[in-house]
Every structure is written in structure tokens, then in C-alpha cells.
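**Q** Encoded as C-alpha cells, here's the structure I'll be asking about.
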Amino acid sequence: MPPLKETLRLCSYQYCGNSFEGRSDKLFCSDQCRNRARRDQLKNERWNAPLFYTKINEILRHNHKILQSIYEQKGDSTVVTDFLLRDSGFNFAFISRILQTSKGIYNFCFDYGWLELENNKILIVKNEKMVQF
């Protein structure tokens, strides 16, 4: 295999831009710039997962909106069937907090929560102390 032609190049690390001599396929002026570029790339990959987080946030907001509308229509101590929630598009798998009390385990979607009762009944509650979005 013939040797690669050496040329004057600019470092590909966005904050460097130094010129260097080297092979035509060399991208960085030093190992330090190459490592920094890789760390930046990994940081972006790790934190730029917006589709995943956005989808979860959409589901939580949708759940919250359903709980809020039912609670505001029926008032305190709202008891509904789980079928009503499911028909509204409620997703029981996504919650923002769990609160365990002597009455049972409340699942919360921000400041609105629910407690599963007997016979497919759901008690919807509002807790002002829970974090609102």
C-alpha cells in the first residue's frame, strides 16, 4: 500500500483550529485535541436524547391533563373506573412519584395522583405539596 501524502491541515477540534502537518487522513493536531473531541461527542450523545425524554414528558403531561380534568369536573374524593381513564388515553405505567400511606400506594403524575381501589375503581386526589410542572 503506498504511503499517504503528508499535507498542511487544520485541526478538526472546534475550539482549536491549529494548523499541523501530517497524513491526509489525520484530523487532529494532537492526541489532546482528539481526546477532547471524543469527550465532547460522548457528552452530546449522552445528553442529546431529547426524543426519549420528550416522549416521556408528553405522556406525563397527557396523564396529568386527564387527571386534572376529571378532578375538576367531579371535585374532591373523585372515584372513577379504570376504564374511564384507559378510554381517555391514560397510561398507568408513567408516573412522576409514588406515595405510600396507611390507605395504600398513591401514584402521582405531578400534583394529581390516584389510588387503585377494589372492583376496578380509581380514587383521584390532588396534593398541593407535590411538584407541579
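**Q** Could you please give the count of residues in the stretch 74-91 that are within 18 Å of residue 59 (Cα to Cα) and either touching a Lys or Arg at 6+ places or on another chain (Cβ under 8 Å) or of a type in the set (D, E, K, R) (or both)?
**A** Result for the stretch 74-91: 3.
Conditions (1) part of a loop (DSSP other than H, G, I, E, B); (2) within 30 Å of residue 90 (Cβ to Cβ); (3) not basic (Lys, Arg), marked per residue:
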position: 16; (1), (2), (3): yes, no, yes
position: 21; (1), (2), (3): no, no, yes
position: 29; (1), (2), (3): yes, no, yes
position: 40; (1), (2), (3): no, no, yes
position: 56; (1), (2), (3): no, yes, yes
position: 59; (1), (2), (3): no, yes, yes
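**Q** Hey, among 58, 116, which residue is of a type in the set (Asp, Glu) and touching a residue at least 12 places away in the same chain (Cβ under 8 Å)? Please lay out each step first, then the result.
**A** Working: 58 fails: touching a residue at least 12 places away in the same chain (Cβ under 8 Å).
Residue meeting the stated conditions: 116.
**Q** Has the stretch 68-79 got any residue that is β-branched (Val, Ile, Thr), surrounded by 14 or more Cβ atoms within 10 Å (Cβ to Cβ) and in a loop (DSSP other than H, G, I, E, B)?
**A** no
**Q** Here is a check on your reading of the model: is residue 90 surrounded by 14 or more Cβ atoms within 10 Å (Cβ to Cβ), modelled with pLDDT of 90 or more, part of a loop (DSSP other than H, G, I, E, B) and of a type in the set (A, V, I, L, M, F, W, C)?
**A** Yes.
The values are calculated or read from the model by the stated rules, or taken from the named source; none is laboratory data. Just so it is clear, the model here is predicted, and its values are computed rather than measured. In this analysis, Cβ positions are derived from the backbone assuming ideal geometry, glycine residues included, and neighbour counts consider all displayed protein chains.
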